[in-house]
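What follows is calculated from the coordinates using simple rules that are stated; it is not laboratory data. Note that the structure is a prediction, hence the values are computed from the model and not measured. Quick reminder, even Gly has a Cβ in these numbers, built from the backbone with ideal geometry, and neighbours come from all protein chains shown.
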Amino acid sequence: MKKIALCADSTCDIGDELQQRYNITFVPYTIISRGKAYHDNIDIHPGDLFEAFWEDGSLPQTGAVNEEEYRVVWDRLLQEYDELIHITLGGAITSSAEHAASAAKDDPRVHVLDSQTLSTGTSLLLIRAGELIEAGREAGNIMAELAELRSHTHASFILDTLEFMHAGGRCSAFEAIFASMLKIKPSIIVDNQSGAMTVDKKYHGKLKSVVRRYVTDQMDKYPDIINDHVFITHTDIPQECVDVAREVLEERIHPKHIHDTLASCTISCHCGPGTLGVLFLTESACK
């Protein structure tokens, strides 16, 4: 039986416990803060980014993983493993997915999957990949199942501020100012067919109340949520908001495992503080 390594972009936000459980190797994104380049979650962390913003308004930037950076990590893994599976951040969000596919095209040992999602939406695929590797399935068979599973993956989040989205070019200055003036907190949903992000609903009110309504709406939207693994993934947000999200999940779907994880620097750069998402799988393939 061939030994298969599992690898992912650092943006998967899976948390230390599950990373170790499934022996996942990360390829880090580049974070540029105050003119200096860092490696995501290695020599810089989300708290550092927000501290810089609060101190002097410095807004960070992210750099996609290039082909050579992928090859360096993969070559090291392939000294120990026969094959590897790498799952990327969605190609509609980043050029890294294209770079990974290009880096792997001449090496049949490397299998790359565009997750068509972000953050712990990718982690849901990684968990399944890890289970299938442990079960002794072949890489090609695993890739086929993961490709089908993407349309069962649901990723969304609410934003407390649009300032970081604006800095990343994902909304206009007018939209950011308008939302701030009216205290609008939009929810963003990831299309699991294309990986593109769109505005779902717009909430008004205090963040804790918005979190409760947002999570409730997500639970009500899908009648066939798989409750094995559900993620609450967030940036710098009050613990009471995380507790509310957990409370709604436990009331509505009784998850076997609720994973509370912090978003990586890359995700935090674009979302800003006060962001929270719930991410899960459904039995049926649906948007």
By the scheme Lys and Arg +1, Asp and Glu -1, what is the net charge of all other residues having a beta-carbon under 13 Å from that of ILE127? -3
Taking 8 Å as the Cα distance limit and 6 or more residues as the minimum spacing, I'd like the relative contact order of the range 46-166 as a percentage. 21 percent
TRP54, TRP74 arranged by Cβ crowding within 10 Å, fewest neighbours leading: TRP54, TRP74
Gyration tensor on Cα atoms of the range 183-283, a ≥ b ≥ c root eigenvalues, a/c under 1.5 rounded, else prolate if a/b beats b/c, else oblate, says rounded
Going toward the positive end of the dipole of the range 6-132, with +1 on Lys and Arg Cβ and -1 on Asp and Glu Cβ, which of LEU49, SER95, THR25 do you reach last? SER95
I'd like the orientation of helix 239-252 relative to the chain: the angle between its Cα long axis and the longest Cα principal axis, in ° from 0 to 90, rounded to 10. 70 degrees
How long is the gain from ASN141 to THR25 if the chain were fully straight, where each residue apart is worth 0.36 nm and the alpha carbon distance is subtracted? 39.7 nm
Treating the angle as unsigned and between 0 and 90°, give the value, to the nearest 10°, between the Cα long axis of helix 173-182 and the longest Cα principal axis of the chain. 50 degrees
Would you please classify the overall shape of the range 182-221 from the alpha carbon gyration tensor, given that a ≥ b ≥ c denote the square roots of the eigenvalues, rounded means a/c under 1.5, and beyond that prolate means a/b larger than b/c while oblate covers the rest? oblate
Calculate, axis by axis, the spread of Cα positions in the chain along the three principal axes, and write the results as whole Å, longest axis first. 57, 46, 29
Rounded to the nearest 10 degrees, what's the angle between the helix 46-56 long axis and the longest principal axis of the chain, both from Cα atoms, 0 to 90? 40 degrees
Ranked from highest to lowest mean number of other Cβ atoms within 10 Å per residue, what is the order of the peptides 86-92, 280-286? 86-92, 280-286
Total charge dipole magnitude, the range 9-48, about the Cα centre, Cβ charges on Lys, Arg, Asp, Glu only, Debye to nearest 20: 140 debye
In nm, what is the difference between 0.36 nm times the number of residues separating LEU59 and ALA285 and their Cα-Cα distance? 77.6 nm
Among the listed pairs LYS2/LYS105; LYS256/LYS287; LYS221/LYS256; LYS201/LYS287; LYS36/LYS206, which have their C-alpha atoms separated by more than 26 angstrom in this model? LYS36/LYS206
